[in-house]
Amino acid sequence: MRKLWLVLFSAIIMFPSLAHAEEKETLVRIVNASSNNESVDIYIDHKPAVEGALFKNATDYMTLEEGAHTIEVYRSGEKETPLIVGDVETEGNQAYTVIAFEKEKKMSLKLLNDETSAPKGKANVRVLNLAPVSNDLEASIKDGKKLFDNLAFNDVSSYEEIKAESKLHIKDNDKKVTSLSQTLQSGSAYTVLAVNSRNQVETVLLQDNAILSPSLVPKTGMGGMSSSHTLSYAALVILGGCVFFLRRRHQ
């Protein structure tokens, strides 16, 4: 009887540590913003994560353990010479976007830390300038409020809180204006990528809070549930077994 109570107590003690283990997971998505390659294959920690990602394609968020991760980008179907190999550092309970893009005719990687929400009736939006032909960019909304200006190539603005459903306009130094056709939803956060498409500035809208819970996302390169979830179910089985035997013993 005493041993069973000890097992039951141990199972209960396990739950805080399991919750802590889940807190060490992070969300990462990858965007192909390189117009010089038709499609690419992307590996995370030497395991295939994305195959055939076209220009302007973005993956869903994938669950990784916090810490350092190696990102490798190859031309689709090739695995000999990578276009880029880089390391990114992540923290638990955070969401990140890794962007593959061309810089000085070479592939580069950029890591962004994503916001995942905005107050009710508002939207958080930021802009990343990945269009070398654009010169500097400025952004404003329909009522004329300027959010920022002089955003140089490879620079990212901070998130700006604007009224939901506002129309966002991106303008370069040549006064060419690109307007987003999509609606910015209440409570959502967005990243706008300004990319070079056929020597013109084109925008790609990413919703940064498309997935909020790591438990909804499969491990990259793997199937099934994460190890922390497996442990949680194991603890539940132990706890249920203890309760069953204790009740049987008292009957």
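The values are calculated or read from the model by the stated rules, or taken from the named source; none is laboratory data. Keep in mind that this is a model prediction, so the values were computed, not measured. A quick note on method: Cβ atoms are made from the backbone with ideal geometry, for glycine too, and the neighbour counts reach across all protein chains shown.
Please name all residue pairs, on different chains or six or more residues apart, with Cβ atoms under 6 Å, provided the first residue is in the stretch 106-131 and is without any contact (Cβ under 8 Å) to a residue 40 or more places away in the chain and closer than 25 Å to PRO82 by Cβ and the second residue is among the small types (Gly, Ala, Ser) and surrounded by fewer than 18 Cβ atoms within 10 Å (Cβ to Cβ).
LEU109/GLY86
Among the numbered conditions (1) buried (at least 18 other Cβ atoms within 10 Å of the Cβ); (2) closer than 20 Å to VAL204 by Cβ, tell me where ASN57 comes up short.
(1)
Here is a list: THR81, THR116, THR63. Which entry is in contact with a Pro (Cβ under 6 Å, 6 or more places away or on another chain), modelled with pLDDT under 95 and either more than 27 Å from LYS167 (Cα to Cα) or not in a strand (DSSP E or B) (or both)?
THR63
Checking THR97 against (1) out of contact with any Asp or Glu (no Cβ under 9 Å at 6 or more places or on another chain); (2) within 27 Å of THR26 (Cα to Cα), only one condition comes out false. Which one?
Just one mismatch for THR97, condition (1).
Restrict the check to the stretch 95-111 and report whether at least one residue is part of a loop (DSSP other than H, G, I, E, B), over 25 Å from TYR190 (Cα atoms) and out of contact with any Gly (no Cβ under 8 Å at 6 or more places or on another chain).
Yes; the residues of the stretch 95-111 include at least one that is part of a loop (DSSP other than H, G, I, E, B), over 25 Å from TYR190 (Cα atoms) and out of contact with any Gly (no Cβ under 8 Å at 6 or more places or on another chain).
Inspect all residues belonging to the stretch 164-187 and state whether any of them is touching an Asp or Glu at 6+ places or on another chain (Cβ under 7 Å) and among the small types (Gly, Ala, Ser).
No: zero hits.
Would you please name the residue that is surrounded by the fewest Cβ atoms within 10 Å (Cβ to Cβ), looking only at residues in the stretch 155-187 that are more than 11 Å from VAL127 (Cβ to Cβ) and of a type in the set (A, V, I, L, M, F, W, C)?
VAL177
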